[in-house]
Amino acid sequence: MRTLIELHSDRTIVLPVGYNALIRELLRSRLSGTANGVGDDDTAFAFSLSLSKGAFDRTLREFTYRDRLRFFASSPDARLAERLATSLEREPRVRLGANELRVASATMIPRATIESGMLRVRALTPCTAYGPITLHGGITQTCFFTPFEEEFAQLTNENLARLWRAINKTECPHELGIRPLFHGTGTRRSVHYGAGEDRVTLTAWWGMYELTGEPAFLDFALDGGIGMDTSKGFGFVEATPS
């Protein structure tokens, strides 16, 4: 289940590069203390970046939005999506960094039942997957996998399986197939998360993907996200016509 959140301000909204960390902090604060350990393990929600058009200042490394901000938040657990929407409506004053905002709306978006075993999706935020590899001499470093490598699908399935266990309290019996619908490295980007000393840079991929699996698991993945770090604003996807 996904929620479209719209925030308004009486002033211009200014957000730094890596502001996905600020959105995550907002969502965590509204979901902390819920069932499934949300707020402790941060595995049960995903979100997009701003859907509103803004300007980017390359010198200050800041995004500026006129007076409103719109983004999606989602969870395969409908109870969490409902709790988030209710919390935002009951306590509409929120803060993102130095910005004081108010919730204009938090609308849960209905979705048609997925009946096919194949789904095409578009990344609204770039997808990332990574892990440690050992080089010659025993040196360990982080390797970012491309969507063309089997490790990318493997790590996506591990992330979804953890999410499944957190929500359903059972082992996940499903597996997701992922095929990128693009070639080369044109959709690859270096993406920042957080700001200042806490900022990290990840290699991530935009683009279109074909997902295959049980229809119910495709629906689960659509709200859970693709790749890793989905609770940090990576791998948020939307379904597109086949």
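Since every read-out is calculated from the coordinates, none of them should be taken as a lab result. Computed from a predicted model, the values in this text were never measured in an experiment. Glycine gets a Cβ as well: all are built from the backbone with ideal geometry, and neighbour counts include every protein chain shown.
Let me have the relative contact order for the stretch 2-109, percent, based on Cα pairs under 8 Å that are six or more residues apart.
On the way: 189 pairs, mean separation 48.6, N = 108.
Dividing the mean separation by the residue count of the stretch 2-109 yields 45 percent.
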> Which whole-number percent is the relative contact order of the chain (Cα, under 8 Å, 6+ apart)?
Replying inline: 29
> If you stretched the chain out fully between residue 151 and residue 29, how much longer would it get, using 0.36 nm times the residue separation minus the C-alpha to C-alpha distance?
Replying inline: 40.7 nm
> Measuring from label point to label point, each 7 Å out along Cα→Cβ, what is the residue 67 to residue 201 span in nm?
Replying inline: 3.8
> When the chain is fully extended, how far beyond the present Cα-Cα distance does residue 89 get from residue 216, taking 0.36 nm per residue of separation?
Replying inline: 42.8 nm
> How much length is gained on full extension from residue 170 to residue 136, taking 0.36 nm per residue of separation minus their Cα-Cα distance?
Replying inline: 8.3 nm
>> Using a 7 Å offset from the Cα along the Cα-to-Cβ direction at both residue 183 and residue 56, what is the distance between the two label points in nm, to one decimal?
In response: 2.7
> When the scattering of the chain is computed by the Debye formula from its Cα atoms alone, each counted once and equally, what is log10 I(q)/I(0) at q = 0.10, 0.11, 0.14, 0.15 Å⁻¹?
Replying inline: -0.47, -0.58, -0.94, -1.08
> What FRET efficiency do you get for residue 104 and residue 78 if R0 is 30 Å and r is their Cβ-Cβ distance, rounded to the nearest 0.05?
Replying inline: 0.85
